[in-house]
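S.K.: Sharing a structure here in structure tokens format.
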Amino acid sequence: MAVIDFTKENMEKCQCLRCPVQDTSECVKTKLENLKNLNPDILPDAQDFPGVYCANGCAYCEDLNREKECQCPTCGIWEDYGLGNATPSFKYCQNGKVDEYEIFEEDKYLEEGGNEELEKDTFER
Ligand code: SF4
Ligand code: SF4
């Protein structure tokens with residue numbers, strides 16, 4: 001399994017822009033407005049896009065409603081990369097990006113014939 005990349009495709013799959021943690025943030029609104037002025041064919045800088053935090057690390061905006069429910073478990077990327085077993089496993093906007101070493105180790109373990117019965121206990125945090 002590859003590490004998670006900050007790409008246009010992953011920006012489109014990301015559910016952060018539909019997340020209640022961000023929906024009252026003036027900072028997020030400003031970033032989204034600013035994005036409208038950029039060439040849509042060019043990847044923005046990570047700090048200018050309020051999402052894909054699993055790849056880019058914590059949010060730059062500080063006015064997030066951190067008590068609300070994270071939408072990562074509804075995201076295709078979360079499903080594709082098995083992030084339920086990663087560390088951190090959600091709220092990447094505040095917990096930081098996925099530990100790449102851990103994703104690699106889990107993948108390697110399964111490739112080597114890891115026991116699926118043991119998989120959950122071994123990698124779940
Ligand atoms: S990482 Fe989770 S909590 Fe943070 S904005 Fe994205 S979906 Fe919401
Ligand atoms: S797992 Fe969460 S942070 Fe990562 S792309 Fe999906 S919704 Fe965004």
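Where a number appears in this text, it was derived from the coordinates with a stated rule and is not lab data. Because the structure is predicted, anything quoted here is derived from the model rather than measured. Neighbour counts are summed over all protein chains in view; Cβ atoms, including those assigned to glycine, are modelled from backbone coordinates with ideal geometry.
S.K.: Please give the FRET efficiency for Leu32 paired with Cys58, using the beta carbon to beta carbon distance and R0 = 25 Å, rounded to the nearest 0.05.
M.R.: Result of the calculation: an efficiency of 0.85.
S.K.: Report the full-extension gain for the segment Thr24 to Asn85: residue separation times 0.36 nm, less the Cα-Cα distance, to one decimal in nm.
M.R.: Numbers: separation 61, 0.36 × 61 = 21.96 nm, distance 2.95 nm.
Working it through step by step, the gained length comes to 19.0 nm.
S.K.: Roughly how many nanometres apart are two label points built 7 Å out from the Cα toward the Cβ at Thr74 and Ile42?
M.R.: According to this spin-label approximation, the distance is 3.3 nm.
S.K.: Note down the net charge around Val21, summing +1 for each Lys or Arg and -1 for each Asp or Glu among other residues with Cβ under 13 Å from its Cβ.
M.R.: Numbers: positive: Arg18, Arg66, Lys68, Lys91; negative: Asp23, Glu62, Asp63, Glu67, Glu69.
The answer is -1.
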